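Written below as structure tokens is the structure these notes are about.
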Amino acid sequence: MQKDKLIKKYDKQVRNYEKNRNNPTLAKWRRELLRDIKGNVLEVGVGAGANFAFYNKNNVHITGVDFSPEMIKSATKEADLYQLETQFLLKNVEELEFEPDSFDHIVSTLSLCSYQDPVRVLTKFNEWCRKDGSIRLLEHGISSNRFLSFTQKTADPILTKISGCHWNRDMLELVNAANIQIERVERYWSDIVYMIWAKPSL
Ligand SMILES: C[S@@+](CC[C@H](N)C(=O)[O-])C[C@H]1O[C@@H](n2cnc3c(N)ncnc32)[C@H](O)[C@@H]1O
């Protein structure tokens, strides 16, 4: 999908993502993923700031990136609510550049499904994340259930048209292809949900 179209699609979905902040299951996973994070954090595809409630506000500085102006507006309000130290960049994640070792942690929740080249984005994480830092992912992707994965593959073109994101990606395969070192994985909902704790490649 063309970038401008995708941005409009996400702009229009901002109210849904604001409501989604209160989803109790997602909230549980977000809390678990982020609870020990401290320092300089890059959050890509930050959306409406659904993770902000789960950071320790005294210990983090968050750089939130998103190409949707409506999402950035909403995330800015959410950051104020939680008194978080933040800076926001209205940019395409696939075109981002940072100095090596710029961040202690890199967080992506439900964003790898959207990128045209997710392996390229993940490969950049290796460079931007300090070697003693971490990469934290909460993503949806292909199920291990044969019936569900068949449906996900078959319906992917139409689902992408509707939601702007892909439903057939194997997140472990992508992370491995980027040479990121996986330390822990949890899977839920017939393995559609992937929680990944990882380190950048050495
Ligand atoms: C499915 S939403 C997830 C939002 C949030 N991370 C969450 O957990 O609720 C994906 C977000 O990534 C953003 N996004 C998708 N592709 C992007 C890109 N190439 N550059 C910047 N932002 C992008 C969208 O605008 C949207 O806000």
Pick out, from the stretch 98-202, the strands (runs of 3 or more DSSP E) lying fully within it that include 2 or more residues that are crowded, with 17+ Cβ neighbours inside 10 Å. 103-109, 129-140, 193-199
Every residue in the stretch 79-97 that is of a type outside the set (Asp, Glu) and either outside any loop (DSSP other than H, G, I, E, B) or more than 13 Å from the ligand (Cβ to nearest atom) (or both), please. ALA79, LEU81, TYR82, GLN83, LEU84, THR86, GLN87, PHE88, LEU89, LEU90, VAL93
Would you check if there is a residue in the stretch 74-82 being open to solvent by 60 Å² or more (accessible area, probe 1.4 Å), within 18 Å of CYS165 (Cα to Cα) and modelled with pLDDT of 95 or more? no
Candidate set from the stretch 10-56 (those that are open to solvent by less than 50 Å² (accessible area, probe 1.4 Å) and aromatic (Phe, Trp, Tyr)); member that is farthest from the ligand (Cβ to nearest atom): TYR55
Do we have any residue at all in the stretch 45-62 that's of a type in the set (Lys, Arg), modelled with pLDDT under 95 and within 22 Å of TYR17 (Cβ to Cβ)? yes
Of the residues in the stretch 17-42, how many are within 15 Å of VAL107 (Cβ to Cβ), of a type in the set (Val, Ile, Thr) and in a helix (DSSP H, G or I)? 0
Residue check, GLU85 of a type in the set (D, E, K, R), within 21 Å of ARG130 (Cα to Cα) and open to solvent by less than 10 Å² (accessible area, probe 1.4 Å): no
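The values are calculated or read from the model by the stated rules, or taken from the named source; none is laboratory data. Just so it is clear, the structure is predicted and the values come from calculations on it, not from any experiment. All Cβ positions, even for glycine, are placed from backbone atoms using ideal geometry, and neighbour counts span all protein chains on display. The area values use the complete protein model at the heavy-atom level, side chains included, leaving out ligands, DNA and RNA. Shrake-Rupley method; radii C 1.70, N 1.55, O 1.52, S 1.80 Å.
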